[in-house]
Structures are given as structure tokens and as C-alpha cells.
1. Run the helix sum for the chain: -39,500 (n - 2.57) per DSSP H stretch of 4+ residues, divided by residue count, reported at 222 nm to the nearest 500 deg cm²/dmol.
2. Peptides 194-207, 26-39: what's the order by average Cβ count within 10 Å, highest mean first?
3. For the range 151-180 and the range 229-248, what is the separation of their C-alpha centers, rounded to whole Å?
4. When the Karplus curve 6.51 cos²θ - 1.76 cosθ + 1.60 is applied with θ = phi - 60°, which whole-Hz ³J(HN,Hα) does each residue of the range 156-171 get, with x for Gly and Pro?
5. Computed FRET efficiency, Cβ-Cβ of A146 and R121, R0 22 Å: what is it to the nearest 0.05?
6. Could you work out the relative contact order of the chain, using alpha carbon pairs under 8 angstrom and six or more residues apart, expressed as a whole percent?
7. Give me the tail of P(r) for the chain as a percent: Cα-Cα pairs with distance above 33 Å.
8. Cut-off under 29 Å on the C-alpha distance; same-chain residues fewer than 8 positions from K173 excluded. Which lysines are left, in chain and number order?
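Every number here is computed from the coordinates shown, using simple stated rules; none is lab data. Keep in mind it's a predicted model, so treat the numbers as computed, not measured. Because the Cβ atoms are built from the backbone with ideal geometry, glycine has one as well, and the counts that use them run over all protein chains shown.
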Amino acid sequence: MTDRPLLDVRNLTVSYDVGGAAALRRRKVDVVKDVSFHIGAGETYGLVGESGSGKSTTGRAILRLAPLSGGVVEFDGTDITTMGREAPLSYRRDVQAVFQDPAASLNPRHHVGRAVTDALRRHGVKGRAARHDRAVEAFEQVGLSAAHLQRFPAEMSGGQLQRVAIARALSLKPRLVICDEAVAALDLSTQGQIVNLLADLQAASGVSYLFIAHDLGVVRHICDRIGVLKKGVLVEQGGAAELFADPHHPYTRTLLAASPASHPEGREERRAARAARRERGDQPAPEGDLVASR
Ligand SMILES: Nc1ncnc2c1ncn2[C@@H]1O[C@H](COP(=O)(O)OP(=O)(O)OP(=O)(O)O)[C@@H](O)[C@H]1O
């Protein structure tokens, strides 16, 4: 047993050139400044803040899609910033992402099942039948059926497409999934289904989440700990219940005051509800079933 966090982000800084094409007006701006947080195995860490505060850039830096200008990102004890431009395949498998718009990463001319089988092939899973079986398993884990593999993106709802994106991520058996506004584009009842699904999948597999969102209600519902970003600076972080009950930073208080209480229950209530579901032997909520708000 080790106390080492799965992900340890220390003094992360990301700078971009702003000011347009004119060289004289160009300057470097830190859009993420000296940000430090960690995520344990099986834990969900929420990153909140208003638009432009640097949430996505932080997630992208961890995924190695944004350039770091300072700091360290350790995954399972290994500093991924020293790995050269291309992170090794094992890191790209262990750390998956689910973004706001699942359709953007799906080929409209391919059956959605192919998004999963192609990912499995890229990650070295040999044999068409084995890849198909893993895709079916992943689809069933997220409440879709084997028949959904043969659908085109245009034949699926936003919630179904997000389930496909989650199935693709999970089929690789990741240890961390970065959910960047993963439910932001969905209606409220579908949001509830997807958030509950993510929590159930975590309970079953022990996967960790970095949950990036501007909706504090959703974040409170799913996260163990939360960090608050303001203009690239992490102004406050702590346990979700404590942060909601007793926000210290004025910016956190402003965010909370501006947030409609759309998902008022916290993680403990959801855990109790999940235990009750397990006791009843419930399966993951199939697409289309409304999951009662807990
Ligand atoms: N490739 C880039 N080049 C220059 N500036 C960038 C780039 N990517 C992001 N930025 C800037 O970095 C800042 C942080 O953006 P980021 O997308 O991380 O914020 P966010 O908190 O995720 O916002 P939102 O909730 O609107 O997605 C913004 O000012 C944005 O304009």
C-alpha cells in the first residue's frame, strides 16, 4: 500500500502568446499559474471556475495537449513532462478523456462501435472478435446494447453519444478519466443519468476522475474534493462538503451564490443511494430511463 496519489500536479503553469500577429504586441500570458493538486486512486476531483479560468487548459496539459511552461505532472510516480513530446502509449491508455461534444470525435460515416474497436486496435488489442467482444462489454457497462454498435452518430441522442464516448474511454481500462464539461450539453435528466453512470462505473472499477465543470451542482453531486480556479490561479481547494458548507475565498462564495442548486445532494447521499441500488441488484440505468434525483 502506498499513500502516493495517482496524479500529482505541482506548480503547473501554462502560458500562451496573445496579442495577434504583430510581433511587437505579442506577449506571453500565464493562463494557468502555479496550480497544484492531487487525485487519489478511485477519487473524483472537481475543477470549477468561470469561463476562461483555465479549467480545460489544466486538463489538456495533463493530457499533454497543451504546452507546459512550468511545473510537474506525476502520474503514478512518473513525471510525464519529461517523457518527450509524445507520451508513451501506456500513459495514453491509462489517462482517457471525455469531452463536452462526443460527436466531434466520432466519424459520421462510421458505426459508433468502430470508435471503440479502433481505439482498442490502436492500443494493441489483437483480433477482430476480441475487440468486438470488448466493445460489446463496454457498451453494456454504460447501459447501451450490442445493437447500438451498428448505429451511426446521427441516429443517436446526445446522451447516447456521451455513453459511447464513455464506453470508448472505459474499454481501455483507464486509471484516470478527464471529464471536461462531459455533461454540460445534456438536458438535466440526461445529466443525472450520466453522472450516476460515472459514479457507478467508478464504484465498480476504482477509476479516478478529474471532473471539469462550470455547474457547481453537478460537481457537488459527484466530487470528493474540489479546486476553484480564478484567472488561472487555484484560489481554494478542499473536501466537497466542506467547500460548499464553508467556502473561504470570496470568489468561491460568489460562484456558489450564482449557482442554481440543481443537484442539491452531495456525495455521501449518492453513496447511500448507490449502496441501496447494489443491494437491490439494479443494473446500470439503460439509456432513456429517467434516474430519480437523489
Ligand atoms: N491555444 C490557445 N492559445 C491562446 N490562448 C488560449 C489557448 N487555449 C486557451 N487559451 C486561453 O486560456 C484561457 C483559459 O482557457 P480555458 O479554455 O482553459 O478556460 P476554461 O476555464 O476551460 O473556460 P470554459 O469554461 O469557457 O471552457 C482563456 O483566456 C483562453 O482564451
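1. On the way: 10 runs with 106 residues, N = 294.
That comes out to -11000 deg cm²/dmol.
2. Top of the packing list down: 194-207, 26-39.
3. The two parts, judged by their Cα centres, are 29 Å apart.
4. 10, 7, x, x, 5, 5, 5, 5, 4, 4, 5, 4, 4, 4, 6, 4
5. On the way: r = 19 Å, r/R0 = 0.84.
After rounding to 0.05, the efficiency reads 0.75.
6. Working: 531 pairs, mean separation 67.2, N = 294.
Contact order relative to length: 23 percent.
7. Details: 10224 of 43071 pairs.
Here the tail beyond 33 Å accounts for 24 percent of pairs.
8. Candidates past the 8-residue exclusion: K55, K126.
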